[in-house]
Amino acid sequence: MTSLYELAKQVDVLVVFFIIYGLTVSMISSAIVSFIRWCGKKWKAHKEKRKAASKAND
């Protein structure tokens with residue numbers, strides 16, 4: 001019975017580790033994707049602003 005208890009403790013630790021690891025990976029990947037989208041929006045706005053300024057100078 002003691003070996004079964006030790007096995008259950010190890011499985012519990014592994015499950016908790018993988019849950020925390022999964023949440024961490026998802027948060028990091030979400031932050032990276034959000035940053036890339038933010039950069040894309042800023043670049044698109046800058047490009048439109050530059051395009052409007054060049055039309056105004058023509």
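Per residue, how many Å² of accessible area does the chain show with a 1.4 Å probe?
Values: 5670 Å² over 58 residues.
About 98 Å² of surface per residue is accessible.
With the crude spin-label approximation of a point 7 Å out along Cα→Cβ, what separation in nm comes out for Leu4 versus Lys47?
6.4 nm
In degrees from 0 to 90, rounded to the nearest 10, what is the angle of the helix 2-57 Cα long axis to the longest principal axis of the chain?
Rounded to the nearest ten degrees, it is 0.
Averaged over every viewing direction, what's the projected area of the C-alpha convex hull for the chain? Give it in nm², one decimal, please. If you can, show how the numbers build up before the last one.
Values: hull surface 13.1 nm².
Hull-based average projected area comes out at 3.3 nm².
Quick one: with all protein chains in place, what share of the accessible area of the chain is carbon or sulfur, to the nearest percent (1.4 Å probe)?
Reported share for carbon and sulfur atoms: 70 percent.
Give the calculated FRET efficiency between Arg37 and Asp12 to the nearest 0.05, with a Förster radius of 30 Å applied to their Cβ-Cβ distance. Intermediate results must be reported in sequence, preceding the final value.
Values: r = 38 Å, r/R0 = 1.26.
Efficiency at R0 = 30 Å is approximately 0.20.
What number, rounded to the nearest 500 deg cm²/dmol, is the helix-based mean residue ellipticity at 222 nm of the chain, given -39500 (n - 2.57) per DSSP H run of at least four residues and division by all its residues? Display every interim value, and only then the final one.
Numbers: 1 runs with 56 residues, N = 58.
-36500 deg cm²/dmol, from helical runs alone.
The values are calculated or read from the model by the stated rules, or taken from the named source; none is laboratory data. No experiment lies behind these values; they were computed from the predicted model shown. Please note: Cβ atoms are built from the backbone with ideal geometry, for glycine as well, and neighbour counts cover all protein chains shown. Just so you know, the surface numbers come from the protein's heavy atoms only, side chains and all, with ligands and any DNA or RNA stripped out. Shrake-Rupley method; radii C 1.70, N 1.55, O 1.52, S 1.80 Å.
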